[in-house]
Each structure stands twice: as structure tokens, then as C-alpha cells.
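I have placed the structure first, in the form of C-alpha cells, so that the comments after it can refer back to it.
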Amino acid sequence: MTIMRVAQIPNVITIVRILLVLPTAILLWREMYVSSLVMMSVAGASDALDGWLARRFDWRSSFGAAMDPVADKLLVAVLLIVFTLQGHIPIWVAAIVVGRDAIIMTGAGIYRLLFEPIAFSPTFISKTNTAMQIVTLLLLLLSLCGFPIFSEVAGVLVNPYCFYILAVLGIASGLDYVVTWGNRAWRNFRRTS
């Protein structure tokens, strides 16, 4: 195996993680919660593994840098939608999570159209928000698995505590992006006018 092929291992893992989204969603929709938890655990472990390999052996790539967060967002979005449709996540929580991402993507598109390409670098609060989304979804899934004690504790943590924290972080990180990129857009606009 050549060095170039070996260096692509993190990208292959990312692609596999993306391919795991649909089976995980199907299992979740069919209320096969333990199987869904196993699939999410595999996705989480693969996310950690591809990141570690990329950093440890310097197997970074522009594909990996772009697709790794896409794989995370895709899994979170699909699980959020299924859980919301099943009535496990309140509509207002889903609206904040989806609304935040829609505002950020719309703003990024407008900024790129008017000024320049964007080199996204997630802020601390944005990373915290994404981590909280994953923790909330995992705890919610664990609460539905029916494991003695673990599922009960997870259920108490998720509703309402995780939902409230997720809402606050979603609003705060959304505002952070709007203010940061709004100021940058204003500076670019003043420079060009």
C-alpha cells in the first residue's frame, strides 16, 4: 500500500460515517433503539479515529476538513428530525437547532456572494454547541433503550436539562456567528464603498 493510499484512510472513514447515517436513521425510525445506539457508537468512534489518524500522522486533507463536519451535522440533523417526528424532542428545541444552522448557512451564502469565499473556523461556543447536540442525542437514545438505571438517569438529564442547555447554546452560538460575520461584512462593505 502506497503512502498516498494510507494517507486517505481518514477520508475513507469519514465516507463510511456518512454512509452509516441512513441505516442509523432507519433503525431509529423503527424504534430499534439499542441497534441505533450501537450504530451511533460506531459513528462516534470512527469520528474520533479519523481525527486522531489525521493529526497523528499528518494525513490531513481539504476533503477531510470539509467533509468531517458535514458527516457530524448530517448525523445530528437526521437524528434530530427522527426524534422530533417521534415526539421525543420538543418542536421548539428542533426549531432553534435547525433555525440556527439555516441562518448561518444563509448568511454564509450571502457573504460569499457579496464579498469573498469563507474559511470557516468554528468558534469555541460553536464547538460546544455541536458537542451538546451529540450528547443530548446520545442521552436521549440511551433513555429509550430501556437499560435499568442508565436509561432512567439519561431520561432525567435529557428532559428538561439538556433541552434547555441546547437551546441556550444554539441561540448564543447563532448570535455569535451573526455578530462576528455581520461586523466582517460591514467592514468589507465600508472598504469597498
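The values are calculated or read from the model by the stated rules, or taken from the named source; none is laboratory data. Just so it is clear, the structure is predicted and the values come from calculations on it, not from any experiment. When we count neighbours, we look across all protein chains shown, and the Cβ atoms used for this are built from the backbone with ideal geometry, even at glycine.
Residue selection: PRO160 fails the criterion of being within 26 Å of VAL82 (Cβ to Cβ) and outside any helix (DSSP H, G or I). Checked against (1) closer than 23 Å to MET67 by Cα; (2) in contact with a Phe, Trp or Tyr (Cβ under 8 Å, 6 or more places away or on another chain); (3) among the polar types (S, T, N, Q); (4) surrounded by fewer than 15 Cβ atoms within 10 Å (Cβ to Cβ), ASN188 meets all criteria but (1). The requirement of being assigned to a helix (DSSP H, G or I), closer than 30 Å to THR24 by Cβ and not assigned by TED's automatic domain parsing to the domain that holds ALA45 is fulfilled somewhere in segment 177-190, by at least one residue.
Checking LEU113 against (1) surrounded by 12 or more Cβ atoms within 10 Å (Cβ to Cβ); (2) of a type in the set (A, V, I, L, M, F, W, C); (3) at pLDDT below 95, only one condition comes out false. Which one? Evaluating LEU113 over (1) surrounded by 12 or more Cβ atoms within 10 Å (Cβ to Cβ); (2) of a type in the set (A, V, I, L, M, F, W, C); (3) at pLDDT below 95 leaves (1) as the failure. The set of residues from segment 53-67 being in a loop (DSSP other than H, G, I, E, B) and touching a helix residue (DSSP H, G or I) at 6+ places or on another chain (Cβ under 7 Å) comprises TRP59, ARG60, SER61.
Going by what's in this entry, would THR84 be described as surrounded by fewer than 19 Cβ atoms within 10 Å (Cβ to Cβ) and out of contact with any helix residue (DSSP H, G or I) (no Cβ under 7 Å at 6 or more places or on another chain)? For THR84, the condition - surrounded by fewer than 19 Cβ atoms within 10 Å (Cβ to Cβ) and out of contact with any helix residue (DSSP H, G or I) (no Cβ under 7 Å at 6 or more places or on another chain) - is not met.
Looking only at segment 178-193, how many residues end up being of a type in the set (Gly, Ala, Ser) and within 29 Å of the chain's Cα centre (by Cα)?
We begin by selecting, within segment 178-193, every residue of a type in the set (Gly, Ala, Ser); these are 182, 185, 193.
With the extra rule that they be within 29 Å of the chain's Cα centre (by Cα), the set shrinks to 182, 185.
Of the residues in segment 178-193, 2 are of a type in the set (Gly, Ala, Ser) and within 29 Å of the chain's Cα centre (by Cα).
Per the conditions (1) under 24 Å from GLY182 (Cβ atoms); (2) more than 12 Å from the chain's Cα centre (by Cα); (3) not in a helix (DSSP H, G or I), the sole criterion not satisfied by PRO122 is (2).
If you go through segment 153-168 one residue at a time, do you hit one that is touching a Leu at 6+ places or on another chain (Cβ under 7 Å), closer than 25 Å to ASP68 by Cα and surrounded by 14 or more Cβ atoms within 10 Å (Cβ to Cβ)?
yes
Determine, yes or no, whether LEU144 is at pLDDT 95 or above and either under 22 Å from LEU28 (Cβ atoms) or of a type in the set (Gly, Ala, Ser) (or both). Taking the combined requirement at face value, the residue satisfies it. With the structure loaded, tell me whether TRP181 is surrounded by 14 or more Cβ atoms within 10 Å (Cβ to Cβ) and not β-branched (Val, Ile, Thr) or whether it fails that test. Criteria met by TRP181.
Scanning segment 166-177 turns up no residue that is under 16 Å from LEU37 (Cβ atoms) and over 16 Å from the mean Cα position of the chain (by Cα). Candidates THR123, THR128: the one that is within 22 Å of ARG17 (Cβ to Cβ) and either surrounded by 13 or more Cβ atoms within 10 Å (Cβ to Cβ) or not assigned by TED's automatic domain parsing to the domain that holds SER36 (or both) is THR128.
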